[in-house]
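The values are calculated or read from the model by the stated rules, or taken from the named source; none is laboratory data. The structure presented is a predicted model; accordingly, all values stated were derived computationally and were not measured. Cβ coordinates were reconstructed from backbone atoms using ideal geometry, including for glycine residues, and neighbour counts include every protein chain displayed. In case anyone asks, the SASA skips ligands and DNA or RNA and just uses the protein heavy atoms, side chains included. Shrake-Rupley method; radii C 1.70, N 1.55, O 1.52, S 1.80 Å.
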Amino acid sequence: RAGAREASAGLAARPPAVVHAHLSVASPFALQVAREALRRGVPLVLTVHSMWTGWGPVPRLALAALGDPRAAVWSAVSTAAAGAVTEVLGGDVAVQVAGNAVDVDRWRPAPGSRLDPVRPVTVVSVMRLTRTKRTRALAEILVDVRRRLPADVPLRAVVVGEGPEAGVLRRRLDRAGADTWVHLAGRLDRAGVREHLRSADVFLAPADREAFGIAALEAR
């Protein structure tokens, strides 16, 4: 509420040319700012970064705080995400696609850099350790891959990220004896992530409801 009051005061004191709010499934602060922009007649753009499928009435209930969604310009980060938003808003509301992007030069390996050719096959995941990102599935996939590979094939995995499912992931890997070859790196800055991606043979993204995964773009 305090944040919404500050946003309202800011809009009143210095009205912007346009307000661009970024939404997940339910984004109370962003929706309150958007509602205030509409109330003051400020042009509004809303971009959805999540999949609105599988959440039941939650997206519609969240939008009830907005008022008339047709008063805003809508976009989503992928065709799939835009389709889900259209289903909630109704077919008469246009939803544009504004895909995510990354600075390719920032993620490209340094010229002349070389990897040790004699090293384990390396799998890297970069993700928030949550249910939505399917952290438990990540553990099962890694354990299953190790089980399927011959024992003499070296395998290494690195999981970059943190979140509420970190403990679950650690316990599952410990029970399977995978803690000897799976490294939980925690949260890293871009330079740290880039170094792990540089050494990866495989990038593993277990989430099946990604609107547009930026981590996959960075890995590519």
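For the stretch 106-185, the per residue solvent-accessible surface stands at 61 Å², with DNA, RNA and ligands left out and a 1.4 Å probe. Protection proxy ranking, highest mean first, for peptides 156-163, 96-103, 197-204: 156-163, 197-204, 96-103, where packing is the per-residue count of other beta-carbon atoms within 10 Å, averaged. In terms of its Cα atoms, the stretch 151-220 spans 32, 29, 24 Å along the principal axes, sorted from long to short.
Just the protein heavy atoms count here, and of the accessible area of the stretch 55-124 at 1.4 Å, carbon and sulfur take up 59 percent. Every helix of 4 or more DSSP H residues in the chain counts as -39500 (n - 2.57), and over all residues that averages to -11000 deg cm²/dmol at 222 nm. Computed over neighbours whose Cβ is under 14 Å from that of ARG171, the net charge equals 0, Lys and Arg +1, Asp and Glu -1. For VAL48, the residues whose modelled amide H falls within less than 5 Å of its own, excluding neighbours fewer than 5 places apart on the same chain, are LEU23, SER75, ALA76, VAL77. Rounded to the nearest Hz, the phi-derived 3J(HN,Hα) couplings of the stretch 203-211 under the Karplus curve 6.51 cos²θ - 1.76 cosθ + 1.60 (θ = phi - 60°) are 9, 10, 10, x, 5, 10, 10, 7, 6, where x marks glycine and proline.
For the chain, what number results from the quotient of the Cα radius of gyration and 2.2 N^0.38 Å? Intermediate results must be reported in sequence, preceding the final value.
Values: Rg = 21.3 Å, N = 220, 2.2 N^0.38 = 17.1 Å.
Normalised by 2.2 N^0.38 Å, the Cα Rg of the chain equals 1.25.
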